[in-house]
1. Can you pull out the residues in segment 69-88 that are of a type in the set (Lys, Arg) and buried (at least 17 other Cβ atoms within 10 Å of the Cβ)?
2. With (1) under 23 Å from the mean Cα position of the chain (by Cα); (2) among the β-branched types (Val, Ile, Thr); (3) modelled with pLDDT of 95 or more as the list, and residue 22 as the residue in question, which single condition is left unmet?
3. Can you find, within segment 36-50, the residue that is surrounded by the fewest Cβ atoms within 10 Å (Cβ to Cβ) among those that are assigned to a loop (DSSP other than H, G, I, E, B) and touching a residue at least 40 places away in the same chain (Cβ under 8 Å)?
4. Does segment 162-171 contain any residue that is under 30 Å from residue 100 (Cβ atoms) and either in the same structural domain as residue 59 (by TED's automatic domain parsing) or surrounded by 18 or more Cβ atoms within 10 Å (Cβ to Cβ) (or both)?
5. So which residues in segment 71-118 are acidic (Asp, Glu) and either over 23 Å from the mean Cα position of the chain (by Cα) or closer than 25 Å to residue 214 by Cβ (or both)?
6. Failed condition for residue 122, given (1) assigned to a strand (DSSP E or B); (2) over 26 Å from residue 78 (Cβ atoms); (3) not polar (S, T, N, Q), with all others met?
7. From 121, 147, 152, grab the single residue that is touching a residue at least 40 places away in the same chain (Cβ under 8 Å), over 23 Å from residue 210 (Cβ atoms) and of a type outside the set (Lys, Arg).
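The values are calculated or read from the model by the stated rules, or taken from the named source; none is laboratory data. Just so you know, these numbers come straight off a predicted model, no measurement behind them. Methodologically, a virtual Cβ is constructed for each residue, glycine included, from the backbone with ideal geometry; neighbour enumeration extends over all protein chains shown.
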Amino acid sequence: MKNILLIMTGLVFLLGSCQKPVQIDVSEVKFVEETPNWEVHVEKSVFSSADPKVNKACVAVNEAIQKRIDTLQAQLKKDADDLFSTFEKDTINRPVWSYQLYVSDTVLMADENYISVRMQVYTFTGGAHGMTGFDAFNYDIKRQAFVSADQVLNFKEAEKLNDLLARNFKDEQGCFTDKPTLTNGFTAFNLTPTAVCFTYPQYVLGPYSCGVAEVYIPRTELQGLWLK
């Protein structure tokens, strides 16, 4: 009887190990809209999977990304049209520039555990230069829910996490004036297969000219800091 049980257990393990890994397909969609008042340029990732549970997660991420893009577009178009409508009878003083919106994204992870996307949003509404912001979309496929940084990492261990942020911060040019922490302005948190990434936009850790700061903390350094 013991031999039979052992054989059956072995078969179950063998069948499980032969299962194909879940595949998530990622395609890219681009579109451009322009009027004299504004221009919109979008490059976004679209996810799909043959696995029903995983595809449900893909649909949720696709919808969240599109909803964010729709909100950004609607606000920029309204603001631009409101501004330039005041120059309908004063074409001489009408600004020669138009409002601009550029949206793109980076897929940092897409497997059976998480889909993690960082959206980069550049807007120009006049002035010396435009501004770049970031949004993060982290979807836990097992939970079937979006998760934030404090739902993935134990923020009660802020001292340890801040130490890891400081130690993994790259400032080779010595440009930045502040060190990254959990509370000084990261706007995107993302997951990768080997690390987590905190993104700090321009002006947060130093002058605009320093650019964007990305801090990758290896997963191997986060033992004991994950929330289950």
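1. Step one: of segment 69-88, the residues of a type in the set (Lys, Arg) are 77-78.
The answer is 77, and nothing else.
2. Result: residue 22 passes all but (3).
3. Of segment 36-50, the ones assigned to a loop (DSSP other than H, G, I, E, B) are 36-37, 49-50.
Subset that is touching a residue at least 40 places away in the same chain (Cβ under 8 Å): 36-37.
Working: 36: 9, 37: 19.
Step by step, filter segment 36-50, then rank; the result is 36.
4. no
5. Quick first cut of segment 71-118, residues acidic (Asp, Glu) only: 79, 81-82, 88, 90, 105, 111-112.
Once the filter is applied, which keeps residues that are acidic (Asp, Glu) and either over 23 Å from the mean Cα position of the chain (by Cα) or closer than 25 Å to residue 214 by Cβ (or both), segment 71-118 yields 79, 81, 82, 88, 90, 105, 111.
6. Condition not satisfied by residue 122: (2).
7. Working: 121 fails: over 23 Å from residue 210 (Cβ atoms); 147 fails: touching a residue at least 40 places away in the same chain (Cβ under 8 Å).
Criteria check complete, one pass: 152.
Quick grid of which residues meet (1) in the same structural domain as residue 81 (by TED's automatic domain parsing); (2) more than 24 Å from residue 68 (Cβ to Cβ); (3) exposed (fewer than 14 other Cβ atoms within 10 Å of the Cβ):
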site: 120; (1), (2), (3): yes, no, no
site: 188; (1), (2), (3): no, no, no
site: 192; (1), (2), (3): no, no, no
site: 225; (1), (2), (3): no, yes, no
